[in-house]
Amino acid sequence: MTDKDFVPLTELTDNPKPVAGPPSLNLKTVKPLGPFPRLNEKKIAFVVQPSMFRAYTGTRINAAIQVYPIQAFLWLSAWLKKLGFERVVFDMGVREIQNARCWIKFIQFLVKEKPKFICCTVTTPIYYEAKLIGIIAKQILGPEVVVVHGGVHATALYKESLTDSMCDVVVLGEGELTLGEICQGRPYKDIRGIAYREDDCRYMTITAHEILSRLAKGEEAYFVQRDAVVSLNPYVQTSLPRPLMTTRQLDDLPFQDLDLYDSRRYHNPRVIVKSHPFIQFETSRGCPFACDFCSAEDEYRVLSPDRVIEEMKYYRDRGIREIRITDDQFLTDVRRGEIIAEKMLSAGLRFDINLGNGVRADRCTKKFLELFKRAGLYQAGAGFESGDQDTLDSMRKSLNMEKSLSVMELFRETGIEVVGFFIFGAEKETLASMQKTIDFAKALLPDYAKVTIYTPFPDTQAYARWKRRGLIVSERWDHYNIHKAAGVYRHPNPELTPAVLMEWYGKFYQDFYSNPAYIERQLIKSIRDGSIVWKIPTALRTFFPGFFQTSPMDNVRANYLG
Ligand code: B12
Ligand code: SF4
């Protein structure tokens, strides 16, 4: 084979490879010859990338590192269980990563379990690790293993998964029914909602052994995976789209599979979770709003309130004490929220409840908050986003700042902790508007405030717009992180360089948390309710993230040590 036999990847995918220059093609290809183990056709392995929970280590929200059983897997697994499949999970996110130990354990896991299907959920920053997982699986288990990608990033960039990695099939959007059909062996052409390769002209250029030894030396996954798969004349096929599930279909889904994970590994700091064991629960899918930085699907569909209550009863019977509601926008239908709370109260269901994923500040009503408080709501995230109306409008947030102030009052009256979310760097952002956001946060005075850097993820309107304007300068996906401005774009306002954004990011945390009015209020409150014990370490980690660095393993250890 010569260089000419290879078509550069940049011509095959919609998203050219990042970094300077085209990839240098490595002609040494790896052809695993076997013998390979006999695979268990009825076994599905869900695999979590090592960096899943590491995006926040060393950032200002270092104190709030969170580890979860991946909810997508719990839903998918429940469906596969119903169809009679065996399911196993290997979560590298809650394992030691030093010396590539988690990867060695992963290989041992593959050899022991011999699953026919390997499933990864692909969000943008961890695509490269999903790629390494596929390469290793193909080399250890052989070409018959089926590597499946799903999740928002893979759905948007399915060609990348299919031409640049060893992924065999991408599930586009909602996964339960589609994955079920894949595992049941239906021909791909007859399965709705997938993208797959018609040909098999893909070559690996790196051995599993090399991957492990380079990772063990501390090399980043990005560099290890570069040019690790080359595709010859890829023939990518998409099937007919699968209609989104209706309420009736969602109601018919089995409850999340609580047997998949060892829940003891998933322990979170108090600022994230109050009572363990806990579960994440998405009671609706999609969101009708259209904020330009967000990856939420636009069609909003719900589980019926009765179905939500039935699942909650199941959680209660399994000893779950806290629910983190992770709907894209739980308050799209406030009345539905109120009905759920009423039904919880009449069924005697009480959990600690955290609306951690955030609700639109303008959708909260007093009735909703009071009812949910009685059902156990103790904390809610609220997207205030900006103290400048032009900036808010430029991210299509359609929020009114006056309304935000009155809603904050409501939260205070009902005694619900609020985590206020803010963003720096939307299209119309200026230095003055960032100052206004800091002032606004200080006026709102939520219990915690979190600012993030506006980041156009590849499946968002923001990305499409900035890409068209030539403002996206890097598609190195592991640099897409809302807490680290890594220069993936050139901001339309030339003043807002990555360094300036990071400076203001630091300033936001400094100014908000050292505000005397905030300190006074929090001191009184935390001495009264005893929370001072955990709030002081939280504050130290926020102010000195480099010094008090937290990793997901601290969470795991916290639990094992009791
Ligand atoms: C909990 C959560 C986290 C958790 C856990 C991550 C996880 N994947 O579960 C943590 C805290 C780690 C996290 C971190 C981040 N997150 Co987050 N997170 C969420 C949140 C709130 C809930 C996820 C969830 O449980 N959904 C419920 C399940 C059922 O839905 P689902 O994941 O979409 O899965 C369904 C389908 O997509 C599909 N599917 C998904 N995976 C797979 C895999 C296979 C094999 C198959 C067949 C199907 C399939 O089937 C599922 C069932 O139908 C979502 C918002 C949301 N409501 O989804 C954001 C979301 C996933 N996060 C987002 C972002 C931006 C991030 C960060 C990148 C932020 C940052 N620091 O920059 C980080 C980085 C994480 C990482 N390392 O990649 C974006 C994703 C953008 C993107 N292009 O990647 C989302 C969509 C928020 C948004 N609306 O914009 N997050
Ligand atoms: S940020 Fe919230 S309100 Fe806006 S589109 Fe996303 S989920 Fe909907």
**Fill in**
The one condition residue 251 fails out of (1) in contact with a Lys or Arg (Cβ under 7 Å, 6 or more places away or on another chain); (2) crowded, with 18+ Cβ neighbours inside 10 Å; (3) not in a loop (DSSP other than H, G, I, E, B) is (2)
**Prompt:** Looking at residue 269, is it within 16 Å of ligand 1 (Cβ to nearest atom) and at negative phi?
**Reply:** yes
**Request:** With the condition kept exactly as written, say whether any residue in segment 339-346 is at pLDDT 95 or above, touching a Ser or Thr at 6+ places or on another chain (Cβ under 6 Å), in a helix (DSSP H, G or I) and not β-branched (Val, Ile, Thr).
**Result:** no
**Asked** In segment 95-112, how many are touching a strand residue (DSSP E or B) at 6+ places or on another chain (Cβ under 8 Å) and buried (at least 20 other Cβ atoms within 10 Å of the Cβ)?
**Response** 2
**Message:** Taking the conditions exactly as written (outside the structural domain of residue 138 (by TED's automatic domain parsing), more than 28 Å from residue 45 (Cβ to Cβ) and surrounded by 15 or more Cβ atoms within 10 Å (Cβ to Cβ)), does residue 292 satisfy them or not?
**Reply:** yes
**Asked** Restricting segment 287-335 to residues that are over 20 Å from the mean Cα position of the chain (by Cα) and β-branched (Val, Ile, Thr), which is nearest to ligand 2 (Cβ to nearest atom)?
**Response** 332
**Item:** Residue tally, condition more than 16 Å from ligand 1 (Cβ to nearest atom) and either without any contact (Cβ under 8 Å) to a residue 40 or more places away in the chain or β-branched (Val, Ile, Thr) (or both), over segment 32-63
**Value:** 2
**Message:** Can you find a residue that is touching a helix residue (DSSP H, G or I) at 6+ places or on another chain (Cβ under 9 Å), away from ligand 2 (no atom under 16 Å from the Cβ) and part of a loop (DSSP other than H, G, I, E, B) anywhere in segment 276-284?
**Reply:** yes
**Asked** How about segment 116-153: which of its residues are of a type in the set (A, V, I, L, M, F, W, C) and under 19 Å from residue 72 (Cα atoms)?
**Response** 117, 118, 119, 120, 122, 126, 130, 133, 146, 147, 148, 152
**Fill in**
From the option list 61, 44, single residue qualifying as crowded, with 21+ Cβ neighbours inside 10 Å and modelled with pLDDT under 80 is 61
**Request:** Output the number of the condition that residue 262 fails; it satisfies all remaining conditions of (1) in contact with a Ser or Thr (Cβ under 6 Å, 6 or more places away or on another chain); (2) among the acidic types (Asp, Glu); (3) exposed (fewer than 15 other Cβ atoms within 10 Å of the Cβ).
**Result:** (1)
**Asked** Does segment 460-481 contain any residue that is of a type in the set (A, V, I, L, M, F, W, C), closer than 26 Å to residue 131 by Cα, within 16 Å of ligand 2 (Cβ to nearest atom) and in the same structural domain as residue 388 (by TED's automatic domain parsing)?
**Response** yes
**Request:** Filter segment 336-359 for residues that are in contact with a Phe, Trp or Tyr (Cβ under 7 Å, 6 or more places away or on another chain), away from ligand 2 (no atom under 16 Å from the Cβ) and not assigned by TED's automatic domain parsing to the domain that holds residue 384 and give the result.
**Result:** 338, 341
**Message:** Looking at (1) in contact (Cβ under 8 Å) with a residue 60 or more places away in the chain; (2) crowded, with 18+ Cβ neighbours inside 10 Å; (3) more than 22 Å from residue 425 (Cβ to Cβ), which one does residue 384 not meet, given that it meets all the others?
**Reply:** (3)
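Residue-by-condition table, conditions (1) at pLDDT 95 or above; (2) within 9 Å of ligand 1 (Cβ to nearest atom); (3) not assigned by TED's automatic domain parsing to the domain that holds residue 145:
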position: 23; (1), (2), (3): no, no, no
position: 65; (1), (2), (3): no, yes, no
position: 80; (1), (2), (3): yes, no, no
position: 88; (1), (2), (3): yes, no, no
position: 100; (1), (2), (3): no, no, no
position: 110; (1), (2), (3): yes, no, no
**Prompt:** Which numbered condition trips up residue 388, out of (1) touching a strand residue (DSSP E or B) at 6+ places or on another chain (Cβ under 7 Å); (2) away from ligand 2 (no atom under 16 Å from the Cβ)?
**Reply:** (1)
**Asked** Restricting the first residue to segment 313-333 and requiring it to be surrounded by 17 or more Cβ atoms within 10 Å (Cβ to Cβ), which pairs with a second residue that is among the acidic types (Asp, Glu) and part of a loop (DSSP other than H, G, I, E, B) meet a Cβ separation below 6 Å and a spacing of at least six or different chains?
**Response** 326/282; 327/282
**Item:** Unmet criterion (only one of (1) in a helix (DSSP H, G or I); (2) surrounded by 16 or more Cβ atoms within 10 Å (Cβ to Cβ); (3) at pLDDT below 95) for residue 484
**Value:** (1)
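The values are calculated or read from the model by the stated rules, or taken from the named source; none is laboratory data. From a predicted model like this one, the values you see are computed outputs, not experimental measurements. Positions of Cβ are generated from backbone atoms using ideal geometry, with glycine treated the same way; all protein chains shown enter the neighbour counts.
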